[in-house]
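Worksheet: the structure to be examined is printed underneath.
The values are calculated or read from the model by the stated rules, or taken from the named source; none is laboratory data. Predicted, not measured: the structure shown is a model, and the values here were computed from it. For neighbour counting, all protein chains shown are included, and Cβ atoms are generated from backbone atoms with ideal geometry for every residue, glycine included.
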Amino acid sequence: MAMTMMMPTMGMPTRARARTPPVKGTRPTRPMMIRARATTTTTGKAAATRDVASRATRGAMVAVRASSLDDDVVVVPGDYRVGGALLGVALATGPLFHLWTQSLVHGVLGGFLAFQASRVRFRFTRDALEVVFIEPGADDSTAVGADVESSGDNKLQGGGANSWKYDSITNWEFWWPGFPCLVYFKETQTKSDGQPHFFPIIMDGKMLYEVMLQRLPASANDKPSPSAWSLDLALEQTSIGRQIKENLSEEQLKQVKEMKGFPGLDDK
């Protein structure tokens, strides 16, 4: 883009250089930067490059990583499977089987968990696991800058802020790898003898599991690789599940091993 500059010369008065007209057949350069070039030679271009990178970071949706808050911040997005499953049970037990009390209980619990899934976010910073709230339906990236105080005082599980240093976590469990419903961890930050915490899986269960494997201290029990997740693995985690497997045919056992998640929701 042509620029008007003031050029001082020896012994001559300062004058403005005339604006150079564009050459015929060429398109004038737009006054807005579309992308940052790999090689920059001026301070202005370097600043523009940093601006583009900053906007890209703020726009991340699933695994939100922001150097502005920490070197590596991961926000686990919400998930409605557990709440939706309970609402499905409510619809089946009520209108179909006329079990209205069970329908009401499942409906209220399912609706509550679905609402929580729209606003509760697990945030993993460089050295701590945090729980923050966002506006229901808001972009997951807003959880990057959310204050821990947004989730209030965790009075039901020991009190204090919903932020726990990784090195204070002494154990964690995940029920069940393959079909996650509940996550547990125990920490010594709230109480010296250990404070347990339980959270329903109202977020992306597999992503939560992967980040916990990477960030948290090792669990007291060996954890399978996420690539090994299946319905067969989930059933193996409980005595009831193992009993169910004993009553299945060979063909059914094969199908159980091949089922990697919720049909239609998870990649095979």
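Structure notes:
- Matching entry among 225, 230, 192 (being hydroxyl-bearing (Ser, Thr, Tyr), surrounded by 14 or more Cβ atoms within 10 Å (Cβ to Cβ) and more than 15 Å from residue 130 (Cα to Cα)): 230
- Residue check for residue 182: touching a strand residue (DSSP E or B) at 6+ places or on another chain (Cβ under 9 Å), at pLDDT 90 or above and surrounded by fewer than 20 Cβ atoms within 10 Å (Cβ to Cβ): yes
- Search result, residues across the stretch 150-168 that are part of a helix (DSSP H, G or I) and under 18 Å from residue 117 (Cα atoms): 150, 151
Listed here are the residues, each with its yes/no results for (1) farther than 28 Å from residue 86 by Cβ; (2) over 23 Å from the mean Cα position of the chain (by Cα); (3) not aliphatic (A, V, I, L, M).
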{"site": "162", "(1), (2), (3)": "no, no, yes"}
{"site": "167", "(1), (2), (3)": "yes, no, yes"}
{"site": "208", "(1), (2), (3)": "no, no, no"}
{"site": "215", "(1), (2), (3)": "yes, no, yes"}
{"site": "238", "(1), (2), (3)": "no, yes, yes"}
{"site": "241", "(1), (2), (3)": "no, yes, yes"}
{"site": "247", "(1), (2), (3)": "no, yes, yes"}
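- Residues in the stretch 134-144 that are modelled with pLDDT of 90 or more and either in contact with a Phe, Trp or Tyr (Cβ under 7 Å, 6 or more places away or on another chain) or not β-branched (Val, Ile, Thr) (or both): 135, 136, 138, 139, 140, 141, 143.
- Residues (more than 12 Å from the chain's Cα centre (by Cα) and closer than 26 Å to residue 213 by Cβ) located in the stretch 131-144: 133, 134
- Within the stretch 106-132, the set of residues being aliphatic (A, V, I, L, M) and part of a strand (DSSP E or B) comprises 120, 128, 129, 131, 132.
- Residue list for the stretch 174-233, restricted to those being farther than 16 Å from residue 121 by Cα, charged (D, E, K, R) and outside any strand (DSSP E or B): 191, 193, 215, 222, 223, 232
- Scope the stretch 54-80; condition within 15 Å of the chain's Cα centre (by Cα) and modelled with pLDDT of 50 or more; matching residues: 72, 73, 74, 75, 76, 77, 78, 79, 80
- Boolean, residue 51 is surrounded by fewer than 13 Cβ atoms within 10 Å (Cβ to Cβ) and either modelled with pLDDT under 95 or closer than 29 Å to residue 186 by Cβ (or both): yes
- Residue ID - surrounded by the fewest Cβ atoms within 10 Å (Cβ to Cβ), chosen from residues in the stretch 86-127 that are in contact with an Asp or Glu (Cβ under 7 Å, 6 or more places away or on another chain) and not basic (Lys, Arg): 125
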